[in-house]
Amino acid sequence: MRVDRKTKTFIAATGMAVALLMLGGDTLAQNGPVLPSITIGVQEASKPHQFSMLIQILFLLTVLSLAPAIVVMMTSFTRIIVVFSLIRHALGTQQMPPNQVLIGLALLLTFFVMSPVYNKVNQDALKPYLQEKITQQEAIKKALTPIRQFMFRQTRKKDLALFMKVSEHKRPKSMEDVPTLVLVPSFVISELKTAFQIGFLIYIPFLVIDMVVASVLLSMGMMMLPPFMVSLPFKLMLFVLVDGWNLLVGSMIKSFL
């Protein structure tokens, strides 16, 4: 069988390449490119400031992981989102508006309501700390002061006394004597009660519409027709005529002032 010239050339080139690899394998192994290595572990700190830096990084990561809980539990978000959920159930619109819309609107309103508090934290704590005028402990203390003042204004004395009693703390003489760990749960249950009070007032007109529609349908003998299908357009019409979103959002914002 005859072999053409191109095939002979390909076989020769392949043989030379294999020979070069076999002869130069040791050289490539010794002088080849050096790959980077990554080492993860815990080493003994040789200086005190190295240990302090590690603790600060760990504390920062912990705060970032708890940031959603802080936003929910120490701001106006709880009251706003609960009221929005109750108004949706009162209207009977199931998943309209969607959860993403309600949560987004609640977050925007939270930033709006809390903006004076955040501005004070930025002015009294964050900027001086970044300019190295105060220490980290002083910055945390000054940052907590306006947040605690906001929570105290919205917290009922009864709820605060409950957690003070459960935690076995002495009766405080001033607001500074109330621990933050006691103030936060007191603030949350006070916000929940306020939100349910607002929700009760919201439910009344829509409940009246449901009762009237159900009575009319029963008197007409239309027992197989679900009442909520008939009452839903009337509830939507009532909510639109009274400009419900404007009235609801305005009332909630004023409740924090």
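The values are calculated or read from the model by the stated rules, or taken from the named source; none is laboratory data. Source: prediction; values computed, not measured. Every residue, glycine among them, receives a Cβ derived from its backbone with ideal geometry; neighbour counts consider all protein chains shown. In case anyone asks, the SASA skips ligands and DNA or RNA and just uses the protein heavy atoms, side chains included. Shrake-Rupley method; radii C 1.70, N 1.55, O 1.52, S 1.80 Å.
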Among helices (runs of 4 or more DSSP H) completely within segment 156-257, the ones holding 2 or more residues that are touching a residue at least 40 places away in the same chain (Cβ under 8 Å) are 180-219, 227-241, 244-255
Segment 209-253, residues that are more than 32 Å from the chain's Cα centre (by Cα), loosely packed, with under 15 Cβ neighbours inside 10 Å, under 30 Å from Leu109 (Cβ atoms) and among the aliphatic types (A, V, I, L, M):
Met237, Leu241
Residue pairs qualifying under the 8 Å Cβ cut-off, at least six apart or on distinct chains, with the first in segment 114-127 being closer than 12 Å to Ile147 by Cβ and the second being among the aliphatic types (A, V, I, L, M) and open to solvent by less than 40 Å² (accessible area, probe 1.4 Å), are Val117/Ile147; Val121/Ala143; Val121/Ile147; Asp124/Ala143; Ala125/Ile134; Ala125/Ala139; Ala125/Ala143
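Among Thr135, Thr145, which is the only one that is open to solvent by 40 Å² or more (accessible area, probe 1.4 Å), closer than 19 Å to Thr75 by Cα, among the β-branched types (Val, Ile, Thr) and at pLDDT below 85? Step through it out loud before you land on a result.
Values: Thr135 fails: closer than 19 Å to Thr75 by Cα.
Selected residue: Thr145, the only one of Thr135, Thr145 that is open to solvent by 40 Å² or more (accessible area, probe 1.4 Å), closer than 19 Å to Thr75 by Cα, among the β-branched types (Val, Ile, Thr) and at pLDDT below 85.
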Out of segment 180-208, which residues are in contact with a His (Cβ under 9 Å, 6 or more places away or on another chain) and either loosely packed, with under 13 Cβ neighbours inside 10 Å or over 30 Å from Pro146 (Cα atoms) (or both)?
Tyr203
Residue list for segment 72-104, filter: within 25 Å of Val208 (Cβ to Cβ) and of a type in the set (Ser, Thr, Tyr)
Ser85, Thr93
